[in-house]
Amino acid sequence: MMEEVTYVWNDRKRNFLGLPWTFTKYALTQDRLFITTGLLKTEEDEVRLYRILDITKSKTLWQKIFSMGTIKVSSADKSLGNFELKNVKKVDEVKEMLSRLVEECRDKKRVANREFMGDDLDALDEDV
């Protein structure tokens with residue numbers, strides 16, 4: 001039996017005028033992000049939120065005029081890797097919701113994101 005999926009957010013990629021006349025859909029649950037593309041042949045990509053490493057928001061002048069933005073996601077997912085949620089309405093709210101859910105999933109799964117910068121890499125080499 002299939003479980004019913006409860007979305008906390010869903011939207012469509014919008015065109016340059018802010019209208020949802022595209023065939024790309026975004027959906028977010030408590031633990032997964034879905035990207036569905038296509039009209040005649042549809043593909044659905046899914047990334048588990050605990051696999052997301054970094055989230056960045058950007059807004060071009062055109063996107064600001066039409067109250068949109070792009071969320072750039074860096075993930076450890078092998079099939080998706082780094083990807084973008086383009087031309088999203090209420091991008092500030094969506095980014096914050098996504099960020100909060102990622103942290104909740106990481107805490108729930110006890111996944112630690114280990115980031116090493118600069119001198120930390122040298123210390124690791126010495127320990128080996």
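The values are calculated or read from the model by the stated rules, or taken from the named source; none is laboratory data. All figures in this text were calculated on a predicted structure; none of them were measured in a lab. Cβ coordinates were reconstructed from backbone atoms using ideal geometry, including for glycine residues, and neighbour counts include every protein chain displayed.
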Completion exercise
Residue pairs qualifying under the 7 Å Cβ cut-off, at least six apart or on distinct chains, with the first in the range 17-28 being farther than 16 Å from Ile71 by Cβ and the second being among the polar types (S, T, N, Q) and not in a loop (DSSP other than H, G, I, E, B), are Phe23/Thr37
Exercise for the section: Those residues that are part of a strand (DSSP E or B) and among the hydrophobic types (A, V, I, L, M, F, W, C), I need them from the range 1-31; list them, please. Expected result: Trp9, Ala27, Leu28
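Take the conditions at pLDDT 95 or above, out of contact with any Cys (no Cβ under 7 Å at 6 or more places or on another chain) and surrounded by 12 or more Cβ atoms within 10 Å (Cβ to Cβ) and apply them to Leu101. Does it pass?
Working: at pLDDT 95 or above: yes; out of contact with any Cys (no Cβ under 7 Å at 6 or more places or on another chain): yes; surrounded by 12 or more Cβ atoms within 10 Å (Cβ to Cβ): yes.
The answer is yes for Leu101.
Working only within the range 25-66, note down all residues that are under 18 Å from Asn15 (Cβ atoms) and loosely packed, with under 14 Cβ neighbours inside 10 Å.
So in the range 25-66, the residues under 18 Å from Asn15 (Cβ atoms) come out as 25-26, 35-39, 58-66.
Those that are under 18 Å from Asn15 (Cβ atoms) and loosely packed, with under 14 Cβ neighbours inside 10 Å: Gly38, Leu39, Ser58, Thr60, Leu61, Trp62, Lys64, Ile65.
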Fill in the blank from the handout: Quick count over the range 9-30, residues being modelled with pLDDT of 95 or more and in contact with a helix residue (DSSP H, G or I) (Cβ under 7 Å, 6 or more places away or on another chain), is 3
Fill in the blank from the handout: Of the residues in the range 54-108 that are in a loop (DSSP other than H, G, I, E, B), within 18 Å of Arg32 (Cα to Cα) and of a type in the set (D, E, K, R), the one that is nearest to the chain's Cα centre (by Cα) is Asp77
